[in-house]
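All remarks here apply to the structure that follows.
The values are calculated or read from the model by the stated rules, or taken from the named source; none is laboratory data. Here the structure is a predicted model, which is why all the values come from computation and not from measurement. So basically every Cβ, Gly included, is an ideal-geometry build from the backbone, and we count neighbours across all protein chains shown.
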Amino acid sequence: MIAATIHHMAHPPAPQLVVSPAERAALDRLVRARTTEQRLAQRARIILDAADGVANKRIAAQRGVNLMTVLLWRRRFEAHRLAGLRDAPRPGRTPTYTRADRDQAIALTLEPPPDGTTHWSARRIAQRVGMSITTVQRIWAEAGLKPHRVETFKFSTDPDLVAKVRDVVGLYLDPPERAIVLSVDEKTQIQALDRTQPMLPLRPGLIERRTHDYKRNGTTSLFAALHVATGEVTHEARARHTGADFLAFLRRLDRAYPDLELHVVLDNVSTHKTPAVRAWLARHRRITFHFTPTSASWLNQVETWFSILTRQAIRRGSFDSVKELVAMIDTFTSNWNAGSTPFVWTKTADEILAKAVRKDRAISESRH
């Protein structure tokens, strides 16, 4: 007992790691960003745990690393702060290129190629500046350049952007008492595709295989309403997606949720604002529409459910008819509702708006 006590006193728990608010914000960004290397994200998680006062042994167990790894990155962070989490330069040959060579390679990469192609390859840059391909790739890695990749974006120009973001996000994070929040939209033109030959199923050492060609057996449009608090989905497949079809789905929601106030989040498509829909809404005062900003339908949580449905049930499916497609959607939704859980919304309106403003400013500045 005495020996155990002495041993415990000789190795007291490590003190809570002191991390400034700015450093914590930077660490959070490293953990959340999809482009962060996994090893760097792991180090950031270790530091955040240590900053929260979690014991070193517990951090090691939770993060699946050994205790020495935890101690190493604590020491590196204490000595060099955020920069200490990056890998130190590895020993090797001194670069054979000069700073001017590096700047020339980067400058070329940032300009459109003169041969009509859309972007540079490492091979063509290497030929142009007289370097090896691996040297160009090393320069790109150091500068964070990835000309082979492209991402899409679109900024909302809605004059009511701020008000709409705060309204919709407020419903997610702080819904009204004794009310139901529904995220509503339609997925149009879902094709019943049938492969021209039977699929070859998954086998050990072989992935599932299918023919590249197919035949179309018709389309359907799917209306869906996600109950934000429970994750349950009410859906209806219809041949068209007109204002009359949307109104019919609204009547179904009215019957499905007969007593409480309904707050319906939806986008700005014209079928949601027809005179018939507005007249019906005026007669049903307990139902309130909340529109997402233009070009920001990603704020609508049901879009996440549509994505899951597409990936898990539609994209790799094969359907002889629209009836078979609709039956599959019915089965998928029934199983989903049997074990439904809500999506967890984490971003505040201020965080969303701050990110949008930063991106908008960055794009504007790059044009000058």
*Quick one: S270 ticks every box in (1) within 18 Å of T188 (Cβ to Cβ); (2) among the hydroxyl-bearing types (S, T, Y); (3) surrounded by 12 or more Cβ atoms within 10 Å (Cβ to Cβ) bar one, so which box is it?*
(3)
_Any residue that is hydrophobic (A, V, I, L, M, F, W, C) and not in a helix (DSSP H, G or I) - is there at least one of those in the stretch 99-115?_
no
*Could you please find all residues in the stretch 316-351 being at pLDDT 95 or above, touching a helix residue (DSSP H, G or I) at 6+ places or on another chain (Cβ under 9 Å), among the polar types (S, T, N, Q) and surrounded by 15 or more Cβ atoms within 10 Å (Cβ to Cβ)?*
T333
*Answer residue from the stretch 317-335, given it is more than 16 Å from F223 (Cα to Cα) and acidic (D, E) and is farthest from the chain's Cα centre (by Cα) among those*: D320
_Take the conditions under 30 Å from R209 (Cβ atoms), among the aliphatic types (A, V, I, L, M) and surrounded by 12 or more Cβ atoms within 10 Å (Cβ to Cβ) and apply them to L281. Does it pass?_
no
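So in the stretch 298-310, with the set limited to residues that are of a type outside the set (S, T, Y) and within 19 Å of E236 (Cα to Cα), which one is surrounded by the most Cβ atoms within 10 Å (Cβ to Cβ)?
The selected residue is V302.
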*Has the stretch 59-72 got any residue that is modelled with pLDDT of 85 or more, polar (S, T, N, Q), closer than 28 Å to T346 by Cα and loosely packed, with under 15 Cβ neighbours inside 10 Å?*
yes
*Give the stretch 286-295 a look and list any residue that's part of a loop (DSSP other than H, G, I, E, B) and more than 8 Å from D267 (Cα to Cα), or say none.*
R286, S295
*Looking at T96, T118, T109, which one is on the phi < 0 side of the Ramachandran plot, among the β-branched types (V, I, T) and modelled with pLDDT under 90?*
T96
*Cβ pairs under 6 Å, 6+ apart, first in the stretch 31-42 and of a type outside the set (A, V, I, L, M, F, W, C), second modelled with pLDDT of 80 or more*: T36/L30
*Restricting the stretch 145-194 to residues that are in contact (Cβ under 8 Å) with a residue 12 or more places away in the chain and among the hydroxyl-bearing types (S, T, Y), which is surrounded by the fewest Cβ atoms within 10 Å (Cβ to Cβ)?*
T157
*Subset of the stretch 12-30 [more than 28 Å from the chain's Cα centre (by Cα) and in contact (Cβ under 8 Å) with a residue 12 or more places away in the chain]*: P13, A14, Q16, L17, V18
